[in-house]
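No lab work stands behind these numbers, since they all come straight from the coordinates. These numbers were taken from a predicted model, which means no experiment stands behind them. Neighbour counts run over all protein chains shown; Cβ positions are idealised from the backbone, glycine included.
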Amino acid sequence: MSEGTIKKFMFVNRTAPYGTIYALESLEVVLITAAFDQDVSLVFMDDGVFQLKKGQQTKGIENKNFSPTYRALDGYDIEKLYVEEEALAARGLTEDDLLVDVTVMSRAELGKLMDEMDVVLSY
Amino acid sequence: MLHIVNKSPLQRTTLESCLRVAAPGGAILLIEDAVYAATKGNEAEGKLRDALSRFKVYALVPDLEARGMGDRVMDGVSTVDYGGFVDLVAEHKNCQSWL
Amino acid sequence: MKIAVTINEGPYQHQASDTAYLFCKAALEKGHEIRRVFFYNDGVNNASSLTEPPLDDRNIVARWSKLAEEHKLDLVVCVAAALRRGIRDENLAPGFRISGLGQLVEAGIEADRLVTFGD
């Protein structure tokens, strides 16, 4: 029915992992959206940047460590990962702390990009 | 673009994030606990007031009234009902809920 | 206009489901089409037929069922999120159906607007 239509989907991730389920369930929507051959962008801002922190060890909280999935996004042709520059700095993080390659953007650039989207989902 | 915010600015930084990132010229709709942001005399009032030059700001009347704040809306903020909410969604090309 | 809605929080705990319901009702009154309502995260709890609020409170689940019946709405509950939280066909309220996350993506593709209600 919707075959052939390609829309620009943006996922705005603003929550840290594990404290709530949003990061994990957002990732599940991202993967399905890619399976529909849509144009997918991921934005990490506010505490959402913590989702990409290297070295997550979840054994002690008996939760699944889903951070390796971010590294697998490449295989789903999801390559547009954007991180808000100011959010990183505010959390004492740099690009080197992240487990995937991202494009670091200023808040103004992010806002402009958001405006160009067809569907914006936030978790 | 329509930005929808539902958190009180006195407890959460969601509205701040929205105001920081949203491209000028967009609209901001305050619903649920975010309607407190649109009220006179709240500590965060200045932030929204500054934003009025860059965005059109709306607050959902039933949420204001439910919270006893219907008579305290700051100047420059427009009020809408659920029908107005629908119109805002329809008028803008896209929308983002800042959860 | 075709509008799709997604709800990410359960009933009563958060206002999201109430706001979404009143939004859908207003949209229908204005002649818009609600393409689909998709329940995700704890939002799947809006579909539990075991919900029993006090008599003087609104019945959020029954209200969705009624709106679906009146307007032939497509109320879809995410299967993975539902199974995690104990929502299955056995306790699914009338008017809801359980299906995959693809239904959310499809709604996003087919509708003119997708509006999220959550925490």
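Excluding same-chain residues fewer than 8 positions from C:Lys30, which lysines have a Cα within less than 28 Å of its Cα?
A:Lys7, A:Lys8, B:Lys7, B:Lys56, B:Lys93, C:Lys2, C:Lys66, C:Lys72
I'd like to know which of A:Ser26, A:Val12, A:Gly60 lies farthest towards the positive end of the charge dipole of the range A:1-65, counting +1 on Cβ of Lys and Arg and -1 on Cβ of Asp and Glu.
It is A:Gly60.
Note down the Stokes-Einstein diffusion coefficient of chain C in µm²/s, whole number, using a Kirkwood radius over alpha carbon pairs, 37 °C, and 0.692 mPa s.
Rounded to a whole number, D works out at 235 µm²/s.
Using a 10 Å cut-off on Cβ atoms, rank the peptides C:13-21, C:46-54, A:95-103 from the highest mean neighbour count down.
Packing proxy ranking, top to bottom: C:13-21, C:46-54, A:95-103.
Just to be sure I understand: of the beta bridges DSSP finds with both ends in the protein assembly as shown, what percent are antiparallel, rounded to 5?
The antiparallel fraction comes to roughly 5 percent.
Quick one: putting +1 on the C-beta of Lys and Arg, -1 on the C-beta of Asp and Glu, what dipole do you get for chain C around its Cα centre, in Debye to the nearest 20?
220
Which value at 222 nm does chain C reach when only helices count, each DSSP H run of 4 or more adding -39,500 (n - 2.57), with the total divided by all residues and rounded to the nearest 500 deg cm²/dmol?
The helix-only estimate for chain C comes to -10000 deg cm²/dmol at 222 nm.
When all alpha-carbon pairs of chain B are counted, what percent fall beyond 20 Å?
Beyond 20 Å sits 26 percent of the P(r) for chain B.
Only Lys, Arg, Asp and Glu count, each charged at its Cβ (+1, +1, -1, -1), so figure out the dipole size of chain B about its Cα centre, rounded to 20 debye.
Roughly 360 debye for chain B.
Note down the magnitude of the dipole of the range C:70-119 about its Cα centre, charges +1 on Lys and Arg C-beta and -1 on Asp and Glu C-beta and zero elsewhere, to the nearest 20 debye.
200
With everything on Cα atoms, drop me the angle between helix A:22-35 and the longest principal axis of chain A, reported from 0 to 90° to the nearest 10.
Roughly 30 degrees between the two axes.
Hey, if you put +1 on the Cβ of every Lys and Arg and -1 on every Asp and Glu Cβ in chain A, which of A:Ala108, A:Leu98, A:Leu81 ends up farthest toward the positive end of that dipole?
Positive-end residue among those listed: A:Leu98.
Based only on Cα atoms, what mean projected area does the convex hull of chain A have, in nm²?
Mean projected area for chain A: 7.7 nm², to one decimal.
Got a sec? Charge dipole of the range B:2-98, +1 on Cβ for Lys and Arg, -1 for Asp and Glu; which of B:Ala37, B:Ala23, B:Gly76 is way out at the positive end?
B:Ala23
Summarise the partner chain shielding of B:82-89 as one whole number: the mean count of Cβ atoms from other chains within 10 Å of each residue's Cβ.
Whole-number average of other-chain Cβ neighbours for B:82-89 is 6.
I want to verify the translational diffusion coefficient of the protein assembly as shown in µm²/s; compute it with Stokes-Einstein, Rh as the Kirkwood radius over Cα pairs, at 4 °C and 1.567 mPa s.
63
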